[in-house]
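Below you'll find the structure, written out as structure tokens, and then a few comments.
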């Protein structure tokens, strides 16, 4: 019997969460919240998912409930978007600093002001330094599979994971998705083993004030100071690169689908021009690469799946032969350039090669991005690429 | 060689002194005049408001009452609450 169903990205994410056996869901229905929270609520109400659904008064509280529930040993889930995610910002730091394996879907949408409910990736990019792992999906199958993978990754390294997917482009668009079998998911995803359980039997004070120095506790253990704890978080994220890759490989062994670990490549073997992006924009870029190739331009695509941890070695390997690197992104660090572009430049610095890296901002606030436009944007920079011009002003695609 | 901190997240147990010796934060020290203290005078458990109100739990409700100066931060709440004013807050640099 075929287990393929037609569904939206939000439905796919909800099925992923149900199959992962989440025990607590907390979410706030602000605009913009996606249908995902609503579907999870229905799943709990109908008894399809045996979980506690906590209605809260804000996203800040939604993450606080997730933190609390995770601290007593529950597998937890939440979802948000845009300004809701920004309101959660402080608690994102608490979740990562407490090393709690919370999984959250971020349905990527533009941030106000001015108001928008449409897609770009400014919301999650603005959470770059919260200590969360960020995975960007390019289709609805990958959303479902990534939610399941996210729990395994998070619970291995004790770092929360944000599964990001483009609002409307994926969240409200229907695609065929294969639903994994529940018993196979249970085997792939062992029960959550917390690093610490807060309970009356073993009382603990979590996250006490830490000082700039180390402190000896009453049992003679030299407890780490604030800086050591932060260093442990960095070490965990560094380690998570391999865990993400291994999880992707193991998932492929069981379910037959490999979404590519920390990054994926398309027609890069002989490519001279590399288009780089994240999420559905990178997916669109694969069609742009086909268009460019039909005109004799050897183009390929590198899709960044994990933005944090940033896959520096994989990026260097994938881009080392490129003669030109074109970064397309749906967010910008105001006053400079796209954040992904800056980071790719930083990673490529160590290679000693100086292929020009140009930046294109596209699709902010839901502006449609067509593969033809991406291909045209790429072609517009070819003369400068061939001249070896190291820098080019950031181009706003299809703007003004 | 000290034992290494193996905790994944920062935490501590509910033991006395987990926050370090907090008594050295003090600039005012509580000094008790037992002859004015109601329980001590009555020789039985009486008001013990100092014990009840102390936010640090460093007052021992005995006869006489005792204050653990290793952890007393010198907030003065005990002195404020004491009905017969048996506790005086004295500057630490004056004996």
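The table below gives the values:
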{"quantity": "Among the candidates A:292, A:319, A:281, A:326, residue that is touching a residue at least 24 places away in the same chain (Cβ under 8 Å), within 20 Å of residue A:110 (Cα to Cα) and either assigned by TED's automatic domain parsing to the domain that holds residue A:379 or touching a strand residue (DSSP E or B) at 6+ places or on another chain (Cβ under 8 Å) (or both)", "calculated": "A:281"}
{"quantity": "Options A:142, A:155; residue that is touching a residue at least 40 places away in the same chain (Cβ under 8 Å) and within 14 Å of chain B (Cβ to nearest Cβ)", "calculated": "A:155"}
{"quantity": "Any hit, the range A:367-388, residues being surrounded by fewer than 18 Cβ atoms within 10 Å (Cβ to Cβ), modelled with pLDDT under 95 and touching a helix residue (DSSP H, G or I) at 6+ places or on another chain (Cβ under 8 Å)", "calculated": "no"}
{"quantity": "Single match in A:51, A:37, A:69, A:82 (criterion: at positive phi, surrounded by 18 or more Cβ atoms within 10 Å (Cβ to Cβ) and in contact with a strand residue (DSSP E or B) (Cβ under 9 Å, 6 or more places away or on another chain))", "calculated": "A:82"}
{"quantity": "Residue within the range A:103-114 that is at pLDDT 95 or above and in a helix (DSSP H, G or I) present", "calculated": "no"}
{"quantity": "Of the criteria (1) exposed (fewer than 13 other Cβ atoms within 10 Å of the Cβ); (2) part of a strand (DSSP E or B), which one residue A:162 fails", "calculated": "(1)"}
{"quantity": "Which numbered condition residue A:235 misses (of (1) without any contact (Cβ under 8 Å) to a residue 12 or more places away in the chain; (2) more than 24 Å from residue A:164 (Cβ to Cβ); (3) surrounded by fewer than 16 Cβ atoms within 10 Å (Cβ to Cβ))", "calculated": "(2)"}
{"quantity": "Strands (runs of 3 or more DSSP E) contained entirely in the range A:1-85, each with at least 2 residues that are more than 19 Å from the chain's Cα centre (by Cα), farther than 20 Å from residue A:124 by Cα and without any contact (Cβ under 8 Å) to a residue 40 or more places away in the chain", "calculated": "A:52-55"}
{"quantity": "Filtered residue count, the range A:207-222, keeping only those that are part of a loop (DSSP other than H, G, I, E, B) and either facing chain B (nearest Cβ under 7 Å) or at pLDDT below 85 (or both)", "calculated": "7"}
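Here is a yes/no grid of residues against (1) within 14 Å of chain B (Cβ to nearest Cβ); (2) assigned to a strand (DSSP E or B); (3) surrounded by 13 or more Cβ atoms within 10 Å (Cβ to Cβ); (4) in contact (Cβ under 8 Å) with a residue 60 or more places away in the chain:
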residue: A:187; (1), (2), (3), (4): no, no, no, yes
residue: A:190; (1), (2), (3), (4): no, no, no, no
residue: A:196; (1), (2), (3), (4): yes, no, yes, yes
residue: A:245; (1), (2), (3), (4): no, no, yes, no
residue: A:254; (1), (2), (3), (4): no, no, yes, yes
residue: A:259; (1), (2), (3), (4): no, no, yes, yes
residue: A:268; (1), (2), (3), (4): no, no, yes, no
residue: A:275; (1), (2), (3), (4): no, yes, yes, yes
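The values are calculated or read from the model by the stated rules, or taken from the named source; none is laboratory data. Everything numeric here is computed off the predicted structure, so don't read it as measured data. Methodologically, a virtual Cβ is constructed for each residue, glycine included, from the backbone with ideal geometry; neighbour enumeration extends over all protein chains shown.
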